[in-house]
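Read the structure below first, then the notes.
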Amino acid sequence: MPSLVSVVGLALAIVPVIASPAGTSFESCLRPKLSKAAKLITAQSDVIVPRWTEYKEFSTGHIVNVSTEADVQASVQCANQAGVQFFAQSGGNAWATTWSLGENDVVINLRHMNSIEFNMERTLVKVGGGATVAELTDAAYANNTQVVTANCNCVGAMGATMGAGYSRMMGERGFMIDNIVSFRVVLASGEIVDASSTTNADLWWAMRGAGGNFGIVVSSIMKAYPTPAAQNGAWVGNLIFSEDKIENVVSAVNNLTLTSKMAIFFYFANGGAPDYTPVFMVTPFYLSGGNTTAATAEARKAFASIFDLAPEADTTTWTPYNEVNAGSESFCVTGNRKVSYGAAQGQLDPTTWRAIYTDYTNFLTENGGDNVGSSLILMEAYSLQFAEQKGDYSSAYAWRSTNRFNTVAIAWYTDESLDETANSWASQVRDDWRATSGLKSNSTYINFAFGDESLEDIYGDNVPILQSLKSYYDPQNKFNQFFPLV
Ligand SMILES: Cc1cc2nc3c(=O)[nH]c(=O)nc-3n(C[C@H](O)[C@H](O)[C@H](O)COP(=O)(O)OP(=O)(O)OC[C@H]3O[C@@H](n4cnc5c(N)ncnc54)[C@H](O)[C@@H]3O)c2cc1C
């Protein structure tokens, strides 16, 4: 862990903002300062902010669709002067329940700040703070290069990065946070700074795992990996197993050594209307060298222990890089209520997974597929090879070498009256996972957490140093909406 002296001692390169008189309303302060392309949406009644889940949705008095760095600075500064809370949004996918925004507060929406620019060599990319995974992936593919991103197109690239950013290709290249060269950040004061390993290195360390507590990233320089078109893709697809194979498959995944090109996921889902028959689906991934027989054979060999269990269906195939996320589009659907409880595990216990499968099928039957049929259980396992080499304290994300498996139970429904049932089921699944996780603590990936976890569950033993940095960079706790440190 870096010492506080070493991290706080670095000089700030601050660009000042122009002050407005104290006591002005947010709107009257902001309007004259906004760029032409920016838009301020206000309402006497509450404005509902569109997000991935409507569970615990929040209302707000103002949404600012920012367009420039100065718009973001002015939004923060005017919110401070008006004494209202603010919150940055890019993809809108965060499902945590830690919000406390109210009807006078402000959402700073960065979606229009989504520019993506590669350098000539295609080894670096400047990513706007509001760009999505889809936009970044498409741009990379068009430029014959790759960027490490989260696995679903709808996710905000910087939103995921603030927590760590798990990616299928992380075995070779690390988390998204391991691919950040620098951030350009608007601080709680409205000042704008750069953060990198050499400039404000303490902020750079803290923002890679606890970013939501420290600032708004208006842009970031990320690494990119030039890849010829013929090789720009991966081997991926779905394997369907009959439910009697659950124990064997879970055991095989538990025992699988993930080399750096590999990742594997499995799901309890269902076949949809009218029967909502449960489905056990496994999704292996291999960062293969091209659409060749040899590359496919290499990928299949890596997952031989899974194929040996004789899947009933197999759609695995080489897929262009810009289409690799296509299989998760249904997960990106916005709206509806989605109560999501995440956990981490150091091992997969076949007996626990059998019990969870039984509970999943009961949940569907008892509440009706038409009501809760989109609910699912998911498990993700990535090669931690690269991430471990970086070292546990190389960034604020505390669990890079601990969480071998990340799991989420998602109760997905529309009828508010099911809230209690949904919470009861999904939290019970989390309890079952925790009971057999083989981990010393309930270490949880911040971006998969529900919101009721302790600070130690989220930030591990980085809590004290993060709180010290917080008191320096955000002494009035303005960034207080997403797993706040104080
Ligand atoms: C469908 C789906 C798929 C997912 N897949 C993955 C995955 O493959 N890998 C993975 O690691 N996670 C994944 N996640 C979790 C995801 O990383 C988090 O939900 C993340 O918080 C979403 O970021 P967002 O920008 O989309 O959401 P938002 O709700 O807009 O933001 C989430 C958080 O990030 C902050 N934030 C957003 N933009 C910025 C910015 N520019 N500067 C500073 N703070 C910002 C927000 O203030 C908030 O605290 C997935 C989630 C969903 C719903």
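Between helix 246-255 and the chain there is an angle of about 60 degrees, using the helix long axis and the longest principal axis of the Cα atoms.
Listed values for segment 155-167 are Karplus-derived 3J(HN,Hα) couplings in whole Hz (6.51 cos²θ - 1.76 cosθ + 1.60, θ = phi - 60°), namely 6, x, 4, 6, x, 5, 4, 4, x, 2, x, 6, 9, and x replaces Gly and Pro. By the Cβ-Cβ criterion of under 4.7 Å, the unpaired cysteines of the chain are CYS152. Based on alpha-carbon atoms, the Kirkwood radius and the radius of gyration of the chain give Rg/Rh equal to 0.96. Note on THR292 and ILE48: their simple-model spin labels are 5.3 nm apart, each label 7 Å out from Cα toward Cβ. With a 1.4 Å probe and every protein chain kept in, tell me what percent of the accessible surface of segment 288-408 is carbon plus sulfur. So the carbon and sulfur contribution to the accessible surface is 47 percent.
Using a cut-off of 18 Å between alpha-carbon atoms, which aspartates and glutamates can reach LYS245, once sequence neighbours fewer than 8 places away in the same chain are excluded? Reachable aspartates and glutamates: ASP308, GLU312, ASP314, ASP349, ASP359.
Ranking TYR267, PHE26, ILE180 by Cα position along the charge dipole of the chain, where only Lys, Arg, Asp and Glu carry charges on their C-beta atoms, puts ILE180 farthest toward the positive end. For the cross-link pairs LYS261/LYS440; LYS223/LYS261; LYS33/LYS478; LYS126/LYS470; LYS33/LYS223, the ones whose C-alpha atoms lie over 23 Å apart are LYS261/LYS440; LYS126/LYS470; LYS33/LYS223.
Solvent-accessible surface of segment 231-459, taken per residue with a 1.4 Å probe and all protein chains present: 39 Å². Of the GluC sites (Glu not before Pro) found in segment 105-147, those in coil by DSSP whose Cβ has at most 10 other Cβ atoms within 10 Å are GLU121.
For a straight C-alpha distance cut-off of 17 angstrom, the lysines reachable from LYS338 (same-chain residues fewer than eight places away being disregarded) are LYS56. Think of segment 186-344 as having a plus end and a minus end, set by charges on the Cβ of Lys, Arg, Asp and Glu; of TYR276, ASN213, TYR321, ASN213 sits farthest toward the positive end of this dipole. Measuring only protein heavy atoms, the 1.4 Å probe finds THR317 accessible over about 70 Å². Atom-type composition of the exposed protein surface of segment 445-486 places 54 percent of the accessible area on carbon and sulfur (1.4 angstrom probe).
The C-alpha atoms of the chain define a longest principal axis, and helix 201-210 lies at about 50 degrees to it. Across segment 398-414, coupling constants 3J(HN,Hα) worked out from phi with the 6.51/-1.76/1.60 Karplus curve, θ = phi - 60°, read 7, 10, 4, 10, 8, 7, 6, 10, 10, 9, 9, 9, 10, 8, 10, 7, 10 Hz, and Gly and Pro carry x.
If you roll a 1.4 Å probe over segment 102-247 with all protein chains in place, what percent of the accessible area is carbon or sulfur? Carbon plus sulfur share of accessible area: 50 percent. The angle separating the long axis of helix 293-302 from the principal Cα axis of greatest extent in the chain is about 90 degrees.
The values are calculated or read from the model by the stated rules, or taken from the named source; none is laboratory data. The structure presented is a predicted model; accordingly, all values stated were derived computationally and were not measured. In this analysis, Cβ positions are derived from the backbone assuming ideal geometry, glycine residues included, and neighbour counts consider all displayed protein chains. For the accessible areas, the whole protein counts, side chains as well, though only heavy atoms, and no ligand, DNA or RNA atoms are used. Shrake-Rupley method; radii C 1.70, N 1.55, O 1.52, S 1.80 Å.
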